[in-house]
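Read the structure below first, then the notes.
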Amino acid sequence: MRTGEDISLKLLKTLFIPIRAIPFMESSIIFQGISEKIGPVSLLVKGYKRPSSKLRGEIDILSVSHVLFYPKSTREVHTVREAKMIENYPNIYKNYNTLQECLKIGKILLHTTPRVSASSFFQLYRGLLKEVNRIDGVCKRSLYSGMLVKLLHLHGVFPKLDECVRCKSKQVAYISLKARGPLCPKCAKAYDDTLPYTPKMAQELFFLLSRDFSEISRFKPSSNTEDLIRQMTEIHITMDDENEVEKGSF
C-alpha cells in the first residue's frame, strides 16, 4: 500500500470501508481499506473475534464505519480505538460475481488512491456500493464500466473526448491506446493501434463520466465502448497471476 509524508499523531476520526480482512494472532484482525480522510490504511482491531468484543460487528468488509485511531508515520498498521458501523450493504453478498467485482474495484482503490484527494475516491466507491445494494446486489456491467471511467477521470488520465489529443482538432475519427485518446485522421497515421472512434462511443463515455450511478445502472453501453474502457484501464493497472492489483503508472 502507498505511504505518504508523516501523518499527524492526533487522534483521527474518519469513515472507513474495509476491503480485506487479515487474521492476526488468535483473536485479532487487520482490516485493509479506504478511509475518507487519508486514503488507503491498515487498521488492527484487537480481540475482534472474541464474542465479548465491543468492536465485533462494528467493522466488516464492504461496509462503512466511523473509526477512531492514532495514525503513526512509523507504523504501517494502526490500532482502532473506537468503531461504529453506520452503513452495510447485505445485498452485495447475494451474488458471488457481484461481490468479486466490488472487491476488485476496492483492490484497485487500495493501490491507486492518493491521500490528497482521498475523499473523492472514498465517496465514489461508497456511491457504487450503495447503488449495487439498492438494485438487489447486481453489479451491472454498466456500473463497473462507469466506475472505471470515473476513476480514470479522477486520476487525470481520462482524455477529452471531442478533440485530437495531439493537435486539438475537433475532427476525431480514431482512438489510440498508445496516444491515450482520440485522434484526427492526420495524427492517426503515426500510430499502429488505432481503432475507429465514433460519435456514439464519445456520447457513451461522456454519459458514464457525467451521470450518477442510479442513471448508469439503467444504461447499457456498447461492447466496443466497454472494451475501450477495459483497455484504457489496463494501461494504468496490471494484474498478476493471482488477480491481485499491482501499482500502475498513476
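The values are calculated or read from the model by the stated rules, or taken from the named source; none is laboratory data. Since the model is a prediction, treat every value here as computed from it, not as a measurement. As a convention, Cβ positions derive from the backbone with ideal geometry for all residues, glycine included, and neighbour counts pool all protein chains shown. Areas reflect the complete protein model, heavy atoms only, side chains present, ligands, DNA and RNA absent. Shrake-Rupley method; radii C 1.70, N 1.55, O 1.52, S 1.80 Å.
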Worksheet entry | Anchor Lys189: lysines whose Cα lies under 17 Å away (excluding residues fewer than 8 positions away in-chain) | Lys168, Lys170, Lys178
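Given a cut-off of under 8 Å on Cα pairs at least six residues apart, what relative contact order in percent is computed for segment 68-177?
Numbers: 68 pairs, mean separation 23.2, N = 110.
It rounds to 21 percent for segment 68-177.
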Worksheet item: Among the lysines, which fall within straight-line cross-link reach of Lys130, defined as a Cα-Cα distance under 17 Å, with same-chain neighbours fewer than 8 residues apart omitted?
Response: Lys94, Lys104, Lys140, Lys150
Worksheet entry | Cβ charges +1 (Lys, Arg) and -1 (Asp, Glu), total dipole of segment 62-167, debye | 160 debye
Fill in: Cα centroid of segment 83-129 to Cα centroid of segment 21-42, whole Å
14 Å
Worksheet item: About its Cα centre, what dipole magnitude does the chain give when the only charges are +1 on Lys and Arg Cβ and -1 on Asp and Glu Cβ, stated in debye to the nearest 20?
Response: 580 debye
Worksheet, complete the sentence: Once Lys170 and Ile22 are pulled to full extension, the length gained, defined as 0.36 nm per residue separation minus their Cα-Cα distance, is 48.2 nm
Worksheet item: If you take the beta carbon distance between Glu87 and Lys189 as r and set R0 to 35 Å, what does 1/(1 + (r/R0)^6) give as a FRET efficiency, to the nearest 0.05?
Response: 0.10
Worksheet entry | Which of Met232, Met25 is most accessible, then next, and so on - probe 1.4 Å | Met25, Met232
Item to complete: Could you work out how far apart the two model spin labels at Arg211 and Lys94 are, taking each label as a point 7 Å from the Cα in the direction of the beta carbon, and quote it in nm?
Response: 2.2 nm
Practice prompt. Can you tell me the 0 to 90 degree angle between the C-alpha axis of helix 141-154 and the longest principal axis of the chain, rounded to 10?
Written response: 90 degrees
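Restricting to Cα pairs below 8 Å that are 6+ residues apart, what does the relative contact order work out to for the chain? Please round to a whole percent.
15 percent
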